1. Amide H neighbours of residue 203 under 5 Å, counting only residues 5+ apart in sequence or on other chains, H built in-plane at 1.01 Å?
2. Rounded to the nearest 10 Å², what accessible area does residue 126 show when all protein chains are kept and the probe is 1.4 Å?
3. Expressed as a whole number of Å, what is the distance separating the alpha-carbon centroids of the range 63-97 and the range 211-261?
4. Relative to the longest principal axis of the C-alpha atoms of the chain, give the angle of the C-alpha long axis of helix 45-61, reported between 0 and 90° and rounded to the nearest 10°.
5. How much accessible area per residue does the chain have, counting only protein heavy atoms and a probe of 1.4 Å, in square angstrom?
6. How big is the dipole moment of the chain about its Cα centre under a simple scheme where the beta carbon of each Lys and Arg is +1, that of each Asp and Glu is -1, and everything else is neutral? Debye, nearest 20, please.
7. Could you tell me the convex hull volume per residue, in Å³, taken over the Cα atoms of the chain?
8. Once the Cβ-Cβ distance between residue 46 and residue 202 is put in as r, and R0 is 30 Å, what FRET efficiency do you end up with, to the nearest 0.05?
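The values are calculated or read from the model by the stated rules, or taken from the named source; none is laboratory data. These numbers were taken from a predicted model, which means no experiment stands behind them. As a convention, Cβ positions derive from the backbone with ideal geometry for all residues, glycine included, and neighbour counts pool all protein chains shown. Accessible surface areas use protein heavy atoms only, side chains included; no ligands, DNA or RNA. Shrake-Rupley method; radii C 1.70, N 1.55, O 1.52, S 1.80 Å.
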Amino acid sequence: MTAQILDGKAISADIRADLTQQVASLTAQGQRAPCLAVVLVGDDPASHVYVRNKERACEQIGIRSLPHRLDSATAETDLIELIDTLNEAEDVDGILVQLPLPAHIDADRILGRISPAKDVDGFHPSNIGRLLQRRPGLRPCTPYGVIKMLERTNTAVAGKRAVVVGASNIVGRPMAMELLLANATVTICNSKTRDLAEEVGRAEIVVAGIGKPEFVRGDWIAEGAVVIDVGINRLDDGRLVGDVEFEAAAQRASWITPVPGGVGPMTIAMLMHNTVEAYRARQV
Ligand code: GUN
């Protein structure tokens, strides 16, 4: 079997086009545009690129973006004060604090300070808890984007054996909860998993999010499996590769996401979706 490509660029473009229309119809009715506050602390080059991409997506859709770029020496108390101000601001619908934060700042404390109603990343313990309890509020963007991609394969998730490789707070854990919400039979693998090849080999859906280049070997993949690669790793020779050995996996999978152009664009699209959703929820 040679896999069909799950094109994240095309799927995310559809989602963004739909959001653009929604925002246009809101503003045509005289309502204000949704607004996303984006907070970046320090000078991590990759974070600057991600934040610029998020701001650009806002602009294209008609969402107002409110940038806050802070010095790497910013005190935690000052950041908390900013979050409190944004929580209170009537015209701010979403608050995104780009990770990683500098080491002297407690990221969990900051993420927990964001009002759950404005937590467009879906990382607040309240939003994670709601997802766990089958009554999702704002949902973590990357796992939510993966669910949207799976919908495009027209294969049911319910009843399928899904294996998530990686158990991070941002990807693996919420991904497992999303798959469980969709009634898959879910296995979460972590760095201590004994026979990873065997676990992956049983999967009808594989989601890899471990941050190690081509760690999931193509010959582990079961014939006909759907393979979703959340990883993005730059090799010494400059190439970008995922967490899955793409060419070999594509020989066996029914569907596979490319890197780049797979899950990455979906994360931003779902952030925009969450911002519009947070806006709507605050209007009532
Ligand atoms: N850093 C890496 N991924 C993410 C993400 O999804 N949201 C935020 N805020 N920071 C990140």
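1. Placed amide hydrogens put 222 under 5 Å from residue 203.
2. 50 Å²
3. The two parts, judged by their Cα centres, are 36 Å apart.
4. Helix 45-61 sits at roughly 70 degrees to that axis.
5. Details: 13370 Å² over 284 residues.
Result: 47 Å² of accessible area for each residue.
6. Working: 30 positive and 36 negative charges, 156 e Å.
Approximately 760 debye in magnitude.
7. Numbers: hull volume 37.4 nm³, N = 284.
In the chain, the Cα convex hull volume per residue is 132 Å³.
8. On the way: r = 34 Å, r/R0 = 1.14.
Efficiency, rounded to the nearest 0.05: 0.30.
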